[in-house]
Amino acid sequence: MTSSGTNADHSSAEPLSPAWELLLPAAAAPARGRGRALRSAFREAVRSGRLAAGTRLPSSRELAADLGVSRGLVTEAYEQLTAEGYLRSGRGAGTWVSEGVRAAERPVRDRAPRTAGARYDFRPGTPDLSLFPRSAWSAAQRAVSGRLPHRALGYPDPRGLPELREALAGLLARRRGVVADPERLVVCSGVAQATTLLGFVLRDEGVASVGVEDPGSPEHATLFAATGLDTVPLPLDNEGLALAPLERSGVRAVVTTPAHQFPTGIGYSARRRGALLDWARRADAVIMEDDYDGDFRYDREPVGALQGLDPERVFYTGSVSKSLAPGLRLGWLVAPAALTERVVARKRTMDLGSPVLDQATLADFIVRGGYDRQLRRCQRAYRERRDAMVTALGEHFPGSAVSGIAAGLHVIARLPARYGPEDLFLERAASAGIALRPLRDCGTADSGDGALPLVLGYAHLTPAGIARGVAALAAAVRSGRPAPG
């Protein structure tokens, strides 16, 4: 192997064979793609640092001989990479690795929210992803891919495909009592984007702050902050959002989860729902209804959406994150008529519309009955798991109390004070590999009675897994040592 100088002063010589070995697979590539493979291998060698900045390259004749390729192939690679900035050259001075190239960050990181090493993860918010209807979803994808006209693959209506908006309008009216005009329905990347859209529109309307439930979802405050809005925590009572603090706050917008409040698990009373709408009319305010798990009620039919009582005061949001999978990033926003066009204009500037094939697949899935079947399947599974959680808590933590309605994907469990103090309890759970979310993480103050309030998710665990996990938690907090596997 030919060797050349490597110092920036071009005066010393070092063997370069380890770096050239990176090019050998490219040189052995099929003739038609050999030039492309050689250029790609060169780029990777420079970016990875195997070919360091200031390294002098062999002449095209020498490298071609060493690799067993034509000189023209190497010459072309040198010229292309010099044009791109990976190499530099000077007349009669040879070819060098450019000092302007910076190695790419490695390795590629996965920042998906997970708890590393958790044996049992009781944090709320995650459905059972193994229940995703892969076969039915794949069949819907194949069907729509085959019949979509070419023009449908262009930039879509920022509100969403007409067929999906019509399917969602029918579904929401039938299942949740929503007044869902397809012209006022906007398909979003989940409730997160719906919240952000609303935040931008409110800011444009001169709104400076939004009321949020306390305790409530921490994500609401984060999302509104990204749009330049402050959030005002507003307390709850046993019927829902407390009205007196709301009146005093002076806010003109508020976020609620009335069907199944997160995290307390209460359902807003009929009286409180009506009073909340009366406040919105008096204050010329709007309400965002986050119907995050409104389909999952286990002891009776779900209460209809608040939006159905006054569609001109309520922004209704929902998604398939709990019923299908959060990774689909498919949700919706039903806006009051007066603000719909402003929402649509914001959606257009944010992303020019949601992915067409995914929208068409969901529309087909709804129209053919697959979505209703999926909801029934999830309801059966999650009701069984909620029962398993309540039973396990009663067995392993006598005296604990589960509050809230029989609904959703989590429970609030208040464990007796004898298992505390809370910090030590959480430390022992973590040492046993058990991931928990205390109620205090959702913004509420300590109740003062010494009880340990936890927000326990169960949907993603099997009944047997729930039983084992609660037993392991009990063993860990009683002994102060990690429970055996």
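Read-outs throughout are calculated quantities, based only on the coordinates presented, and are distinct from any laboratory measurement. Bear in mind that the values here come from a model prediction, so they are computed numbers and not experimental data. Reconstructed Cβ throughout: ideal geometry from the backbone, glycine too, with neighbour counts over all protein chains shown.
Once the Cα atoms are used to define both axes, helix 463-479 deviates from the longest principal axis of the chain by about 90 degrees. Note on region 103-202: dipole from Cβ charges, positive end direction compared against L198, V144, A169; the farthest Cα belongs to V144. Given R0 = 60 Å, the distance between the Cβ atoms of Y298 and T75 translates into a calculated FRET efficiency of 0.25.
If R0 is taken as 51 Å, the Cβ-Cβ distance between R91 and R282 corresponds to a FRET efficiency of 0.05. Gain on full extension, evaluated as 0.36 nm per residue between R102 and E247 minus their Cα-Cα distance, stands at 46.6 nm. Computed over the chain, the convex hull of the alpha-carbon atoms projects to a mean area of 31.2 nm². Put simply, the amide H of L236, placed in the peptide plane, has neighbours under 5 Å in D214, A242, leaving out anything fewer than 5 places away on its chain. With only Cα atoms counted, region 48-173 has Rg and Dmax values of 27.3, 77 Å. The Cα center of region 235-287 and the Cα center of region 154-178 differ in position by 27 Å.
Each label point was placed 7 Å from the Cα along the Cα-to-Cβ direction; for D372 and A112 their separation is 3.2 nm.
Rounded, prolate or oblate: pick one for region 290-337, where a ≥ b ≥ c are the square roots of the eigenvalues of its C-alpha gyration tensor, a/c under 1.5 means rounded, and failing that, prolate if a/b is larger than b/c, else oblate. Could the numbers behind the result be given before it?
Working: a/c = 4.25, a/b = 1.18, b/c = 3.61.
Verdict is oblate for region 290-337.
The simple spin-label model puts a point 7 Å past each Cα toward its Cβ; for D237 and A65 those points are separated by 9.3 nm.
Give, rounded to the nearest 20 debye, the magnitude of the charge dipole that region 171-309 has about its Cα centre when Lys and Arg contribute +1 at Cβ and Asp and Glu contribute -1 at Cβ.
On the way: 14 positive and 20 negative charges, 66 e Å.
Rounded to the nearest 20 debye, it is 320 debye.
For region 339-424, what does the alpha-carbon gyration tensor say about shape, rounded, prolate or oblate, given a ≥ b ≥ c as the root eigenvalues, a/c under 1.5 as rounded, and a/b over b/c as prolate? It comes out oblate by the Cα gyration axes.
Across the options P453, H410, A37, the greatest Cα extent toward the positive end of the charge dipole of the chain (unit charges at beta carbon of Lys, Arg, Asp, Glu) belongs to A37. Think of each Lys and Arg Cβ as +1 and each Asp and Glu Cβ as -1; about the Cα centre, that makes the dipole of the chain roughly 1260 debye.
If I stretch the segment between A338 and L129 completely, what's the gain in nm (0.36 nm per residue apart, minus their alpha carbon distance), one decimal? Working shown, then result.
Values: separation 209, 0.36 × 209 = 75.24 nm, distance 3.80 nm.
Taking A338 through L129 to full extension adds about 71.4 nm, to one decimal.
Peptide packing for 281-292, 75-86 was compared via the average number of neighbouring C-beta atoms within 10 Å per residue; ordered from the highest value, the list is 281-292, 75-86. Highest mean first, the peptides 185-196, 331-342 sorted by other C-beta atoms within 10 Å per residue fall in the order 185-196, 331-342.
Given the DSSP H assignment, sum -39500 (n - 2.57) over each helix run of at least 4 residues in the chain and divide by its residue total; what's the result at 222 nm in deg cm²/dmol, nearest 500?
Values: 16 runs with 200 residues, N = 485.
Dividing the helical sum by the residues of the chain leaves -13000 deg cm²/dmol.
Using the alpha-carbon atoms, what tilt in degrees (0 to 90, nearest 10) does helix 356-367 show relative to the longest principal axis of the chain? The angle comes out at about 30 degrees.
For region 395-448, rounded, prolate or oblate, judged on the Cα gyration tensor with a ≥ b ≥ c (square roots of eigenvalues), a/c < 1.5 rounded, else prolate if a/b > b/c?
Values: a/c = 1.36, a/b = 1.30, b/c = 1.05.
In terms of gyration-tensor shape, rounded.
Using only Cα atoms, find the angle between the long axis of helix 190-204 and the longest principal axis of the chain, and express it within 0 to 90 degrees, rounded to the nearest 10. Tilt of helix 190-204: around 80 degrees.
Given a Förster radius of 22 Å and the C-beta distance between R151 and R348 as r, what FRET efficiency does 1/(1 + (r/R0)^6) yield to the nearest 0.05?
Numbers: r = 19 Å, r/R0 = 0.84.
My answer for the efficiency is 0.75.
With each label modelled as a point 7 angstrom along the Cα→C-beta vector, the A417-R32 pair spans 7.9 nm.
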